[in-house]
Structures are given as C-alpha cells and as structure tokens.
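Report on the following structure.
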Protein chains: 2
Amino acid sequence: MATTWKDFLDQTEKPDKFDEKSKEIIEFVKFQLRSKRNIVLVTSGGTTVPLESKTVRFLDNFSVGTRGALSTEYFLKRGYAVIFLTRNRGLRPFLRHVPKTNILDLLTITDNKDVKVKPEYEQKILKVLQTYQEIKNENLLLTVEFQTLSDYLQLLKACSFALQPAGNQAVLYLAAAVSDFYIPKDLMLETDKDLLISKALQAIDKYQHQIVIANLLETRKKEIFVVTKETQDCVSLSDADIKNGKEIEELIIDCLVERHSQFCSV
Amino acid sequence: MATTWKDFLDQTEKPDKFDEKSKEIIEFVKFQLRSKRNIVLVTSGGTTVPLESKTVRFLDNFSVGTRGALSTEYFLKRGYAVIFLTRNRGLRPFLRHVPKTNILDLLTITDNKDVKVKPEYEQKILKVLQTYQEIKNENLLLTVEFQTLSDYLQLLKACSFALQPAGNQAVLYLAAAVSDFYIPKDLMLETDKDLLISKALQAIDKYQHQIVIANLLETRKKEIFVVTKETQDCVSLSDADIKNGKEIEELIIDCLVERHSQFCSV
C-alpha cells in the first residue's frame, strides 16, 4: 500500500496521453505568464473508482460539474485564464446556455443546403458563441479531461507543477467531487449544517487549503460559506436574485478574486 | 425484501415524469400500429445503483451505449420504429457521425450574423441531419431516458405493457448493461470464452429470452454469438470489413430482422 501521495502517484498508472497533456498545460501556463495574466486551475465533476482490473463496473459520484463549469465562466469574465480539469462527460463552460443537448435538434437545412442553427435558437446561440470564440481566440481556456480518481490525481499534480512558476498569480479552485472510496478523505458534501464549518476547518488544517467553500448538499445553489482559519462568511442569494437568474458562482468568484488581489498586494 | 419482480416494482419509487413518459410510449406504439410498422424496443447504456438515500455516490457501469445507439440506426434503416430506452448521458443514435462533441466548436458566425456549421464539417453533418430529420418527421424514433436501475426496470415494464398490442410485430432488444449489484443476476459481459455459450443458454432458460447475443468483453466489436436453445451461430467481421468501417451491429440487426420475419411468418 502507498503511504504518501508521492508513493501513491508512483504506483498508479498514468492516464492516456499524459505526456501530451502535461506539455499542453505547461505551454498554456507559459503563454499566460508572458501576457501577465492570472491563471486559475478549476477542477470539475466527479471522479470514478474502478471495481475490476478489466473495468466494467465502477463507483461514481452524482456531480455533473455545474459548479466548476459556471465558476470557469465567471473567472474568465474577471480576466483570468482557466485550466479546466474536467470529468470527461461533465458539463462544459458556456454549453448550458445552449438550449438543446442533441445538436441535431438545433440545426436546420436551408434551401441551398447550408446547415444553420434554427431561427428560434439563433439569438441565444449567437451570444454564447461570440463569447466562446473570443475566449478561444485569445487562448484563455484549456480543457483537460479525466475519468478515474487516479487520472485526476496525476493531472492535478501535473497542473500544480506547471503552475509553480506562476507563483501568486495562480489560484487552485478545486471543485471536483473526489470519490472518497479509495483514499482516506472526508466527504465535503455535507448534509448536516452543524458539522459544516468544523469540517471545513479540519480540511483547512489537514490539506493546507487557504479557503474552503463549504455548502450543504440541499442548499448548494443559494448559500455557501467562505471559510478560512480566521473568518467564516456566509454568501447567499436572495429570492429576488434567484428569480433574476443570478448564480451563486458569480458571488463566489467575486469574493475569491477580491481575496486573491488582496493576497497578491500584501 | 421483494420476492418477485412485481413486489420489487411495487416497492420501488417511480422515476420522474413516469406517467407522462408512459403515455408517450403508448401513443407512439399506437401510431406505429396504425401504420403497420414493426417496432423494436432498444435499451442502451448502463444503469446506476445509488449508495445513499440522498444520493451523492453510486455504482455505475462502463457502458456508454454504443451497441444500443448503433443498433437503433440499423433497425431504423431496416424500416423498424424504435423506442430507444437510454441512460440519460448515453450515446445517441446518429450523434457519433457528428465530428466534435462540443457544439460550439462546430459553429461559426457569418458576416451577416448567421450561425452556421463550419464549412469543414458541413458535408458530414448535412448527411446525418437529413437522415435524422426524416426519422423525426416520420415519427419513427422515441427516446426515453433512465438513470438508475429502478428507473430502468419501471420503464422497461411500461414499454413492455405498451408493446403488448403489437404482438409479434414487436421485438425487445435489451442492450442495456444492467448493474448486477442489486438484483441477483449473472453478468453477461463475459471475459472467458468457454463460459460464454453456456451462460447464454442459462440466461435463455432463466429469463425466457428467445435469442441471446453473446460476446466477449475484448472482442465485442468484431465477434458475437447468436444463441438460441437450438442454435449457436458465430457472426464476425473480417479484417477487411473493419478496415472499410463496417460495424458488427449491422450484421446483428440483419440477422435479427431475418429471424423476426421468419418468426412472424410461422
């Protein structure tokens, strides 16, 4: 059995195309540093743990990666470059603004055999696409996929090493729901409010996080706690906010961007 | 504990929108019977089994539903109407012909702000879209989604009851990978060739299937066995077939359509 994370990673197989992906991550970080941009690593979606060596069955997590995808959009809006480390079938940034999941239902054939977006979806998609293309053209978003827990950990390590030269220009925003079947770890998707803050504080102590965003499973879309060693701030959406389509991730990212900027100016 | 499948289903919660979905299925079957079409129920993708009542973690199966999605295309090609009972995030018929998974990467904005498919993808998508739209216009494909094992079983029952009036015009093609953590059931994704046929025969006996399509996990894309009580036929693709992009599902469906037609003419 592995006793340290180093042993664990040494004994664990590397994911497909690991070297290729690592190189891409390093190049992406270098590019951002040349343009003096802040960079955030956002991890997103649930990890799987295989039950067999020829894997047919595995343990999974209900997360589809909503928090990660939304947070990525808001970080981009605030001028950060984003490495989006995501579960292969997870939700992607901007895609939630696309009204149908089956692309074939969005398209129509014109009289001269062009394939176009159906008129009823065109305005909405035009808007998303403009934002998305700007991001791509400026090379502000790198998507890296994982499936299993060990893929995730290997790639998380690769990203962390790549981000080292960025110093305090880099933020690690770990929103992935890491399956806790395999490594001893507390499940942070708490259902008991009384335990929430104390568990967040334990996590800060144990994993040396600077900030934990804590939430209850059932209210995760409208109330979160920004927990540090010294402070615990509740951030929540009002009913009016929710009605107006405001998203809690916007408030989370606002709060983190402010703290990051304070941290860098110290 | 439930002792019969009836008890089991009575004690299991119905999936979201169950009544709505059941009604849609019944209407779809009626429509096909009026047009004297054969109907096949294709089940596809893996089922999940939740580990908690407020579900965060679950057991899953590696299946993404390739066999089900491909088989659906070939059944449609042979003139069948299809009820496609699929895992919510599973592969959809026709979508595998679409070159990129992120729709935003497929689209471009023209000078007069139309949103079009990029020229390099247009020919390929045009072809798929024509087929897809014909199928939709003629109302030949009904997609019904499940996630958990119990959703699957409830909807399978609903489909089976809806198909009763179709008599021998109906085929049940059960390609879903049903998680066998919960109900006592043999795992049919066999890795040992010697056991394959005997397990298929046991399944025929136990579940009263007329035909079992048996395959080994590792060769499932090029060799299958069509097993009945009396016969065991190997169907396989040659290396040349594989090179030419031929798919084993086409051979499976050809074989089943022929047997279905013989069965109906008896």
Taking the criterion of being of a type in the set (Lys, Arg), in contact (Cβ under 8 Å) with a residue 24 or more places away in the chain and either in a helix (DSSP H, G or I) or under 24 Å from A:ASP60 (Cα atoms) (or both), would at least one residue in the range A:151-169 satisfy it? yes
Of all residues in the range A:52-91 being of a type in the set (Phe, Trp, Tyr) and modelled with pLDDT of 95 or more, which is farthest from the chain's Cα centre (by Cα)? A:TYR80
Note down all Cβ pairs under 7 Å where the first residue falls in the range B:77-103 and is under 18 Å from B:LEU142 (Cα atoms) and among the basic types (Lys, Arg), the second is in a strand (DSSP E or B) and open to solvent by less than 10 Å² (accessible area, probe 1.4 Å), and they're at least six residues apart or on different chains. B:ARG87/B:SER44; B:ARG87/B:GLY46; B:ARG87/B:PHE146
Close pairs (8 angstrom Cβ cut-off, 6 or more residues apart or separate chains): assigned to a loop (DSSP other than H, G, I, E, B) in the range A:8-32, hydroxyl-bearing (Ser, Thr, Tyr) and at pLDDT below 95 anywhere: A:THR12/A:SER150; A:GLU13/A:SER150; A:PRO15/A:THR148; A:PRO15/A:SER150
Farther than 22 Å from A:ARG34 by Cβ, in contact with a Gly (Cβ under 9 Å, 6 or more places away or on another chain) and within 11 Å of another protein chain (Cβ to nearest Cβ) - does that describe any residue in the range A:140-153? yes
Among what's in the range B:111-138 and is within 10 Å of another protein chain (Cβ to nearest Cβ) and polar (S, T, N, Q), pick the residue that is farthest from A:LYS116 (Cα to Cα). B:THR131
For B:LYS222, state whether it is within 20 Å of the chain's Cα centre (by Cα) and at pLDDT 90 or above. yes
Whether any residue in the range A:235-255 is touching a strand residue (DSSP E or B) at 6+ places or on another chain (Cβ under 8 Å) and surrounded by fewer than 16 Cβ atoms within 10 Å (Cβ to Cβ) is what I want to check. yes
Subset of the range A:35-56 (residues that are part of a strand (DSSP E or B), within 14 Å of another protein chain (Cβ to nearest Cβ) and either surrounded by fewer than 22 Cβ atoms within 10 Å (Cβ to Cβ) or among the hydrophobic types (A, V, I, L, M, F, W, C) (or both)): A:VAL49, A:PRO50
Identify, please: which residue in the range B:67-95 is within 13 Å of chain A (Cβ to nearest Cβ) and in a loop (DSSP other than H, G, I, E, B) and is, among those, surrounded by the most Cβ atoms within 10 Å (Cβ to Cβ)? B:PRO93
Checklist (1) open to solvent by 40 Å² or more (accessible area, probe 1.4 Å); (2) modelled with pLDDT under 95; (3) in contact with a Lys or Arg (Cβ under 9 Å, 6 or more places away or on another chain) applied to B:PRO165, failing item: (2)
Of the listed residues (B:LEU189, B:LEU201), the one being modelled with pLDDT under 95 and under 22 Å from B:GLY90 (Cα atoms) is B:LEU189
For the range A:244-266, does any single residue satisfy the condition of being modelled with pLDDT under 90 and assigned to a loop (DSSP other than H, G, I, E, B)? yes
Quick one: count up the residues across the range B:111-133 that are outside any helix (DSSP H, G or I), acidic (Asp, Glu) and loosely packed, with under 15 Cβ neighbours inside 10 Å. 1
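The values are calculated or read from the model by the stated rules, or taken from the named source; none is laboratory data. Fair warning: this is a prediction, and the values are worked out from it, not measured in the lab. Neighbour counts are summed over all protein chains in view; Cβ atoms, including those assigned to glycine, are modelled from backbone coordinates with ideal geometry. Quick note on the areas: whole protein, heavy atoms, side chains included, nothing else; ligands and nucleic acids left out. Shrake-Rupley method; radii C 1.70, N 1.55, O 1.52, S 1.80 Å.
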